[in-house]
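Before any comments, here is the structure.
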Amino acid sequence: MSVHPFNEELATGTLSRERFQFYLVQDARYLVGFGRALAAAAAKAPEVDDVAFLAGAARDAIVIEREMHESYFKWFRLSETDLADIETSPTCVAYSSFLLATAHTGSYGELLAALLPCFWVYQSVGAGILARQSPETDNPYRPWIDTYAGDEFEATVRTGRDALDRAADAAGEATREKMLAAFTRACEYEWMFWDSAYRQEGWPVFSA
């Protein structure tokens, strides 16, 4: 993911505005499902501290991260009509549906495993990009980079990893296998999300 063209061009500031706009719209819509899945995880969490963490993360996904989206939408001068004209991509629908299905049918451990890649991947990608930035770089995507490469977000990832480790320690072997499968599938969806944004993925249209 770190060497995908989307993120390599994001790092250099050469990613086209159209691709980044498409990504932002998909991400804003994905975060609604992500936030709902986090809220479901909070409801399932056996420990009070994890309830607080997951509930707070659900709020941040809806409120804090979307504020960044809104700031870019204003900078790009995108109206509500402009945003509505960008259709939700198949990958965005699939990834969101996967998380919500896991929230409703999976165990607490499976759900945490499905949710963690979204945190961990963004922190890893953001930190990697930031390490390659120079102070003189005039990168229009620097606010995005700083959001996910900062110490606060890194601490959030550590908390999420710790919660997942505790869930794995308390689970049986069969559940741990399901957790690994959920984690792997979510990582695959993360790659697909970058790739679909770069391609500005649309729905196949049949014409007779």
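The values are calculated or read from the model by the stated rules, or taken from the named source; none is laboratory data. Source: prediction; values computed, not measured. For neighbour counting, all protein chains shown are included, and Cβ atoms are generated from backbone atoms with ideal geometry for every residue, glycine included. Just the protein is used for accessible areas: all its heavy atoms, side chains included, with ligands, DNA and RNA removed. Shrake-Rupley method; radii C 1.70, N 1.55, O 1.52, S 1.80 Å.
Each row is one residue, and each column tells you yes or no for (1) in contact with a helix residue (DSSP H, G or I) (Cβ under 9 Å, 6 or more places away or on another chain); (2) under 21 Å from ARG17 (Cα atoms); (3) open to solvent by 20 Å² or more (accessible area, probe 1.4 Å).
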residue: ASP60; (1), (2), (3): yes, no, yes
residue: ARG66; (1), (2), (3): yes, yes, yes
residue: SER71; (1), (2), (3): yes, yes, yes
residue: LEU78; (1), (2), (3): yes, yes, yes
residue: THR81; (1), (2), (3): no, yes, yes
residue: ILE86; (1), (2), (3): yes, yes, yes
residue: THR91; (1), (2), (3): yes, yes, no
residue: PHE98; (1), (2), (3): yes, no, yes
residue: TYR108; (1), (2), (3): yes, no, yes
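Find the residue count for the range 160-188, including only residues that are within 12 Å of LEU116 (Cα to Cα) and of a type outside the set (D, E, K, R). Walk me through it before giving the result.
Restricting attention to the range 160-188, the residues satisfying the condition of being within 12 Å of LEU116 (Cα to Cα) are 160-165, 179-180, 182-187.
Keeping just the survivors that are of a type outside the set (D, E, K, R) gives 160, 163-164, 179-180, 182-184, 186-187.
The number of residues fulfilling the criteria is 10.
Going through (1) open to solvent by 60 Å² or more (accessible area, probe 1.4 Å); (2) in contact (Cβ under 8 Å) with a residue 60 or more places away in the chain; (3) not acidic (Asp, Glu) one by one, MET179 falls short only on (1). Looking only at residues of the range 8-17 that are touching a residue at least 24 places away in the same chain (Cβ under 8 Å) and either touching an Asp or Glu at 6+ places or on another chain (Cβ under 9 Å) or surrounded by fewer than 18 Cβ atoms within 10 Å (Cβ to Cβ) (or both), we find that the one that is farthest from GLU80 (Cα to Cα) is THR12.
Table: residues versus (1) more than 24 Å from LEU15 (Cα to Cα); (2) acidic (Asp, Glu); (3) in contact (Cβ under 8 Å) with a residue 12 or more places away in the chain; (4) buried (at least 17 other Cβ atoms within 10 Å of the Cβ).
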site	(1), (2), (3), (4)
TYR141	no, no, yes, yes
TRP144	no, no, yes, yes
TYR148	no, no, yes, yes
PHE153	no, no, yes, yes
ARG158	yes, no, no, no
ARG161	yes, no, yes, no
PHE183	yes, no, yes, yes
GLU188	no, yes, no, no
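So which residues in the range 64-122 are assigned to a loop (DSSP other than H, G, I, E, B) and more than 30 Å from PRO46 (Cβ to Cβ)? Residues satisfying the conditions are PHE76, ARG77, LEU78, SER79, ASP85, ILE86, GLU87, THR88, SER89.
Considering the conditions (1) buried (at least 17 other Cβ atoms within 10 Å of the Cβ); (2) charged (D, E, K, R); (3) at positive phi, ASP27 is excluded by exactly one of them, (3).
Just to check your reading of the model, which residue among PHE34, PHE53, PHE20 is on the phi < 0 side of the Ramachandran plot, open to solvent by 10 Å² or more (accessible area, probe 1.4 Å), outside any loop (DSSP other than H, G, I, E, B) and touching a helix residue (DSSP H, G or I) at 6+ places or on another chain (Cβ under 8 Å)? Residue meeting the stated conditions: PHE53. Reported count of residues in the range 1-46, each being under 21 Å from GLY128 (Cβ atoms) and among the charged types (D, E, K, R), is 4. Screening ALA114 on (1) open to solvent by less than 10 Å² (accessible area, probe 1.4 Å); (2) small (Gly, Ala, Ser); (3) without any contact (Cβ under 8 Å) to a residue 40 or more places away in the chain; (4) within 23 Å of ASP169 (Cβ to Cβ) shows it passes everything except condition (3).
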